[in-house]
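First up is the structure itself, then whatever we jot down about it.
The values are calculated or read from the model by the stated rules, or taken from the named source; none is laboratory data. Since we're looking at a predicted model, the values are computed, not measured. Cβ atoms come from the backbone with ideal geometry, glycine included; neighbour counts cover every protein chain shown. For the accessible areas, the whole protein counts, side chains as well, though only heavy atoms, and no ligand, DNA or RNA atoms are used. Shrake-Rupley method; radii C 1.70, N 1.55, O 1.52, S 1.80 Å.
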Amino acid sequence: MAREETRTAKSTTAHSSATPPDGGPLVAAPRAWAVRLVVVGIVLSALNLRPAITSLGALLEEVRDGLGMSGSVAGLLTSVPPLCFAVFGVMAPRLARRFGAGAVVCAGMVAITTGLLIRPYTGSTAGFLAASALALMGIAVSNVLMPVIVKRWFPDRVGSMTGLYSMALALGTSAAAAVTVPMTEALGGSWQSGLAVWAGLAAAAVLPWIPLVRDRGPAPTEPKAARSVHTRVEGAGPVRPVHARVKSPAPPALRITRSRTAWALAVFFGLQATAAYITMGWMAQIFRDAGVPAGTAGLLLAVTMVMGVPLAFVIPRVATRLPHQGPIVIALGVCGLAGYAGLYLAPAAGAWAWAVLLGISNCAFPLALTMVGMRARTGAGVAQLSAFAQSTGYLISIPGPLLVGVLYQHSGGWGLPIALMIGLMVPQMAVGVLAGRDRTVEAEAAR
């Protein structure tokens, strides 16, 4: 009997890491290779979340001439990214629950690859916009799911992993701005080739997610799956495994719109996105109109973007150590106001200084991502807050780049557009201070 009980106990222990007979998945520690693969996937995906936009900004004048766009239509083109992020980003949590976050991000990278490859060769403005929307759809779902993946796989390293992700995003953004013009010249001067080449980087980002396509894990907005438990039935002989479905109680539905912090974070996200997409879409053109050569203008845009590489790693780590992130919001906003004032008064003379200041200001993006992870207690809360803040924020940011294009065309200069940018920075600082308060959306929604 003792020998039989020992064998049964060993069988029970081995079975505890497998799927119980009722089919319920077990919560198991992730394998080391899977964790490394997720890190590689996060970095490669982040590298591809902005080249579709900044590579176009560096060649916007050539694309406008090649497709016969007016300034207003070009403004519409620069408004497509936030529109797609708002429309498709809200779908990301639902898709992740059904197919798994890894599968959705993998599909997103495929969409980016396809869109970037075909958009330069469509031959029309409508086709260019449609192919851009396909690529941006992939970017949108990946944008929303990155904080969710970080929270799930690295719950004790949210700040450092968000910093790594943000640093890779800034590196990809700046690289596309810096090398698109010289790479276009090296490829024979064709703007189509200069834009299409970025599809290769996106294709590389598909690979690490392929082994994770079947990884469903705990759904990002659901409690962890049930565990199999093993008990001894008194008076019934040897130990026998008894499989029971032990579920964490489902959390009450989070009414995210009842949280003032969620709204403040959404508006902060929207206003920083407005500034970022105006910068990515128009800053190179501002410098070119001031007499700066096209290659130098692309480098200036790259300097603005590359400032996010070190700061995107530092700012989230500092932010997670502070009870209130308001001081960081104020510091970034002051840099933005100084950079815009410089663009207004002496765009060419102090070009490098303005590029640096605006690059520092644009680091409001990794700060916003970090606050998404800090303003919710659970993975479910982070997923819902990320989708709400990003989708609402990107809706708010849609008119900005378009309005800049309209003001530029009808005023014949950059005075009014830059005044608009300065005016939007003040409310960005105000709502950022509100979003940085030490509280959670679950607590506010419950009240």
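Answer yes if at least one residue in the range 350-369 is at pLDDT 90 or above, among the β-branched types (V, I, T) and open to solvent by 10 Å² or more (accessible area, probe 1.4 Å), and no otherwise. Yes: the range 350-369 contains one or more residues that are at pLDDT 90 or above, among the β-branched types (V, I, T) and open to solvent by 10 Å² or more (accessible area, probe 1.4 Å). Taking the range 332-434 and the helices (runs of 4 or more DSSP H) fully enclosed by it, the elements with 2 or more residues that are free of Cβ contacts under 8 Å to residues at least 12 places away in the same chain are at 399-411.
Okay, residues lined up against (1) hydroxyl-bearing (S, T, Y); (2) without any contact (Cβ under 8 Å) to a residue 60 or more places away in the chain; (3) at negative phi; (4) not in a helix (DSSP H, G or I):
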site	(1), (2), (3), (4)
A273	no, no, yes, no
A276	no, no, yes, no
Q285	no, no, yes, no
T296	yes, yes, yes, no
T304	yes, no, yes, no
P310	no, no, yes, no
P316	no, no, yes, no
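For the range 267-324, a tally of residues being in contact with a Cys (Cβ under 6 Å, 6 or more places away or on another chain) and open to solvent by 40 Å² or more (accessible area, probe 1.4 Å) returns 1. The residues of the range 390-407 that are within 13 Å of the chain's Cα centre (by Cα) and over 15 Å from V141 (Cβ atoms) amount to a single one, G393.
Each residue in the range 85-101 was checked for being over 15 Å from A389 (Cβ atoms), assigned to a helix (DSSP H, G or I) and open to solvent by less than 20 Å² (accessible area, probe 1.4 Å), and 2 of them qualify.
Determine whether the range 58-68 contains at least one residue that is closer than 26 Å to L164 by Cα, part of a helix (DSSP H, G or I) and either of a type in the set (D, E, K, R) or open to solvent by less than 10 Å² (accessible area, probe 1.4 Å) (or both). Yes, the range 58-68 contains a residue that is closer than 26 Å to L164 by Cα, part of a helix (DSSP H, G or I) and either of a type in the set (D, E, K, R) or open to solvent by less than 10 Å² (accessible area, probe 1.4 Å) (or both). Within the range 124-159, if we keep just the residues that are open to solvent by 10 Å² or more (accessible area, probe 1.4 Å), closer than 21 Å to L195 by Cβ and without any contact (Cβ under 8 Å) to a residue 24 or more places away in the chain, the residue that is nearest to the chain's Cα centre (by Cα) turns out to be L134.
For (1) among the acidic types (D, E); (2) touching a Gly at 6+ places or on another chain (Cβ under 7 Å); (3) closer than 21 Å to G89 by Cβ, each residue gets a yes or a no:
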position	(1), (2), (3)
S142	no, yes, yes
L145	no, no, yes
I149	no, no, yes
P155	no, no, no
V158	no, yes, yes
G163	no, no, no
S174	no, no, no
